[in-house]
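The values are calculated or read from the model by the stated rules, or taken from the named source; none is laboratory data. This one's a predicted model, so the numbers in the text were calculated from it and none came from an experiment. Note: ideal-geometry Cβ built from the backbone for every residue, glycine included; neighbour counts use all protein chains shown. When the accessible area is computed, the model is the full protein with side chains, heavy atoms only, and any ligands, DNA or RNA have been set aside. Shrake-Rupley method; radii C 1.70, N 1.55, O 1.52, S 1.80 Å.
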Amino acid sequence: MTPPRFSGTVLPGSPRHLGARFEQGGVNFAVFSAHGARMELCLFSPNGKHETARLPLPERTGHIWHGFVEGLGPGQVYGYRVHGPYAPEKGHRFNPHKLLLDPYTRELCGVWDNHDARLGYRPGHAKEDLSFDRRDSARHVAKSVVSHPALFAPKARETGIPFEESIIYEAHPKGLTMANPAVPEKLRGTYEGIAHPAMIDHLLKLGVTAVELLPVHHFIDDGFLIERGLRNYWGYNTVGFFAPEPRYFGPLGYHGFAAMVDKLHAAGLEVILDVVYNHTAEGDQRGPTLSFRGLDNASYYSLQADNPRFYVNDTGCGNTVNVSNPHVLRLVMDSLRFWVEQMGVDGFRFDLASTLAREPDGFDRRGAFLNALRQDPVMGSVKLIAEPWDIGPGGYQVGAFPAPIAEWNDRFRDGARAFWRGDKDSTRPMGSRLLASAETFDHGGRPAWSSVNFITAHDGFTLADLTRYNERHNEANGEDNADGHGNNISDNMGVEGETEDPAIHAARAQRQRNMLATLMLSQGTPMLLAGDEFGNSQQGNNNAYAQDNETGWLDWDSMDETLMAFCRRVIALRKAHPALGQTRFLHGEARSTDGLKDVMWLDFAGHELHWEGEGPDRFALLVRMAANGLNKRGRLEGDDAVLIAINRSDDEARLTLPNGNFVCQLDTHDRLGEPPETADVMVLLPHSLMLFAKAS
């Protein structure tokens, strides 16, 4: 059915601002397509169910198609249809029967159906994706909405918390509050729920400085998950880089996200977003045509050089976004600036960042994306964190990103797990992890906070499960328990899963305290997985990406108050001592103030150790860290010095304290971390850690 003729005036408009921009008298539309032959703007009724007009955009400037439609205003529902060659073997998949989402849309109307009319080809056809489908997809897709400019008034941002003072709390935007009885039911699982006073109180008492949210860009549920009765819970399936995900809307709707940011800022907390620019929800050649594929497949995606019918799949998700293309790179940078300037966020964690940094010849730390990111004045004011790996060639790039980009350090995760489990030859690597993996990150002027240390994250076991399970238990995901990490470096202490044995309970609690203390007392930036502070479990599921249910939500009713008190204590100690979390890497250099080495390794008799050669694996570690230099606030880190003593053996150890008037401030053998009375010779019980600091 042909839509009715539009009676309004369509003027040439401007290519300056991509997306739909409401201006005096109408709306300017501009969209990128290098290979399209004709761009049609489709207007819809307010509920998005009826197409009311189909208007060719009248002008093309370079590769930007544009037009100004008089008489339209905010709230107008629309989409695009693009005419051009349908030649998958040449990389082109234009199909004007498929309604396309505007990549720059801020708001959406309707939902996505899991209907095969969204496919550009005929499912079941002998030619597979080389066939052509003529069914109209408009009934089955979400549509773009013209937003009111008042939604995007620039937000004033104050200088953020210095990176070296940051303690990151990684959380799912829904799972964080969905089962929290202290949050009103209508706000649970919403942006507004994150900023409820009960949650803010929890975060402030815990002592973290930033909430890092799993993806909040608009995403869709994978068809194979819908068929299993599951959902894409984590959200790594983006289709709208500017639109907040509506499934987390509360009573304030779209405004809830910005309101959340404002309230967290008022409490002194930052907001970091986990962003997915490396792939999209359109998948491989068998996936749906939702936006980018239909606008210009050969520009938006990296295609195989010898057969552009197929996609480069460095992400493992079916496709790879081609940020080497300047227009695609612009889309990513415009999106980042939008979330900072209009939504007020304080930083980003880039999912599979190696993909974004890969040029045609491989990973390039001076490539288009990283250069654009580092020269951008807006990005210079926020925190930037890379997940430095993907499955593509040369994809593991831990330590390779340039300043000022920090990186997730999985070597810290694996090293801390292996050390506390008692693995052979794990002591020397643990010594490096305590010092922010300087051998990996100390180059090009990078500060020590470049190493983002974590023991657990959303992807893998929780801290509680790390001490309860040796094997993954992902049967609920519907993949025959074949998904998720196979090598978790975990330790169930003798029993898989739950047990009534008090000795095993005590050993598990001790291990959790040891790992929390290791995380918070190491140089670098600590990242805590939400729920680890109170013993949250996922019942052994180490890949809860599809578990939008009690498995994936934090279990606040089963809170371990004692563990939470311990976690608060160790975070407070980190904040109290400038010697912990310094900007400079520690290499045993003499301080200018007193000639004291900034770091020194000792045995328990007080003799200095040297790490030349591997030597025998040690079961006891003693490291002295001294503050060296100024922090970002210009505060002299001064005379602060700490001792961290670790006894990993099955026997108690006797420690002779070195000169310096040190006082015990933490003992992980104690359930609350309470220190014993300090003596010249201290006894470290088996499998424990102590922190000593200079008496004030």
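With R₀ set to 25 Å, the beta-carbon distance separating Arg421 from Thr678 gives a calculated FRET efficiency near 0.25.
What is the list of residues in the stretch 59-86 whose amide nitrogen lies under 11 Å from a point 7 angstrom out from the Cα of Arg38, following Cα to Cβ? Residues 82-84 qualify, since their backbone N sits under 11 Å from the label point.
Please list the equivalent ellipsoid semi-axes of the stretch 422-549, computed as the square roots of five times the alpha-carbon gyration tensor eigenvalues, in descending order and whole angstrom. The three semi-axes for the stretch 422-549 are 28, 18, 13 Å.
Gain on full extension, evaluated as 0.36 nm per residue between Tyr396 and Arg134 minus their Cα-Cα distance, stands at 90.1 nm. Under 5 Å from the amide H of Glu270 lie the amide H atoms of Ala210, Val211, each residue being 5 or more positions distant or on a separate chain, with H modelled from the backbone and absent for Pro and chain starts. For Met178, nonlocal amide neighbours, meaning residues 5 or more places apart or on other chains whose placed amide H falls under 5 Å from its own, are Gly189, Leu554. Extending 7 Å from Cα along the Cβ direction at Asn114 and again at His505 yields two label points whose distance is 4.1 nm. For the stretch 186-203, 3J(HN,Hα) computed residue by residue from phi via the Karplus equation (6.51, -1.76, 1.60; θ = phi - 60°) reads 5, 9, 5, x, 10, 4, 5, x, 4, 9, 5, x, 5, 6, 4, 4, 4, 5 Hz, glycine and proline entered as x. Given 0.36 nm per residue, what is the gain on full extension from Glu439 to Arg374 after removing their alpha carbon distance, in nm? Between Glu439 and Arg374, full extension yields an extra 21.1 nm. Here the contact order of the chain, divided by its residue count and restricted to Cα pairs under 8 Å and six or more residues apart, works out to 10 percent. What the stretch 477-550 shows is 32 Å² of accessible area per residue, with the surface traced by a 1.4 Å probe over protein heavy atoms. In order along the stretch 674-684, the Karplus-derived 3J(HN,Hα) couplings, from 6.51 cos²θ - 1.76 cosθ + 1.60 at θ = phi - 60°, round to 4, x, x, 5, 6, 10, 5, 10, 9, 9, 9 Hz, and Gly and Pro are given as x.
Its Cα gyration tensor gives the stretch 279-432 an equivalent ellipsoid, and the semi-axes of that ellipsoid, as √(5λ) in whole Å with the largest first, are 30, 21, 14. Note on the chain: with neighbouring protein chains present and a 1.4 Å probe, carbon and sulfur make up 50 percent of its accessible heavy-atom surface. With contacts taken as Cα pairs under 8 Å and at least 6 residues apart, the stretch 177-328 reaches a relative contact order of 21 percent. In the stretch 188-218, whose amide N lies under 16 Å from the spot 7 Å out along Cα-to-Cβ of His255? List them in ranges. Answer for the stretch 188-218: 191-193.
In this structure, the amide hydrogen of Gly26, modeled 1.01 Å from its nitrogen in the peptide plane, lies closer than 5 angstrom to those of Gly71, counting only residues at least 5 positions away or on a different chain. Each 5 Å bin, from zero up to the one with the longest distance, holds this percent of the alpha carbon pairs of the stretch 375-430: 4, 17, 18, 15, 16, 16, 7, 4, 3, 0. Accessible surface calculations at 1.4 Å, restricted to protein heavy atoms, place the stretch 251-323 at 28 Å² per residue.
Once the Cβ-Cβ distance between Glu652 and Asp201 is put in as r, and R0 is 25 Å, what FRET efficiency do you end up with, to the nearest 0.05?
Here the calculated transfer efficiency is 0.05.
Computed extension length for Ala153-Ala590: 152.3 nm, one decimal, from 0.36 nm per residue of separation with the Cα-Cα distance subtracted.
If you wrap the chain in the convex hull of its Cα atoms and look at it from every side, the mean projected area works out to 31.1 nm². Candidate cross-link partners of Lys597 among the lysines, defined by an alpha-carbon separation under 21 Å and a same-chain spacing of 8 or more, comprise Lys694. Taking other residues whose beta carbon is less than 15 angstrom from the beta carbon of Phe401, and scoring Lys, Arg as +1 and Asp, Glu as -1, yields 0.
Accessible area per residue for the stretch 1-159 is 48 Å², calculated with a 1.4 Å probe on protein heavy atoms, without ligands, DNA or RNA.
Using a simple spin-label model with pseudo-atoms 7 Å out from Cα toward Cβ, Arg428 and Asn549 lie 4.8 nm apart. The order of the peptides 417-425, 237-245 by mean Cβ neighbours within 10 Å, most packed first, is 237-245, 417-425. Measuring r between the beta carbons of Ser696 and Ala565 and using R0 = 35 Å, the FRET efficiency lands at 0.90. Karplus-derived 3J(HN,Hα) values for the stretch 429-435, using 6.51 cos²θ - 1.76 cosθ + 1.60 with θ = phi - 60°, are x, 5, x, 5, 5, 4, 10 Hz; glycine and proline are entered as x.
Sorting the segments 489-502, 174-187 by their mean number of nearby beta carbons within 10 angstrom, highest to lowest, gives 174-187, 489-502. Using only alpha-carbon positions in the stretch 239-347, the gyration tensor eigenvalues give semi-axes of 32, 14, 11 Å once each is multiplied by 5 and square-rooted (largest first).
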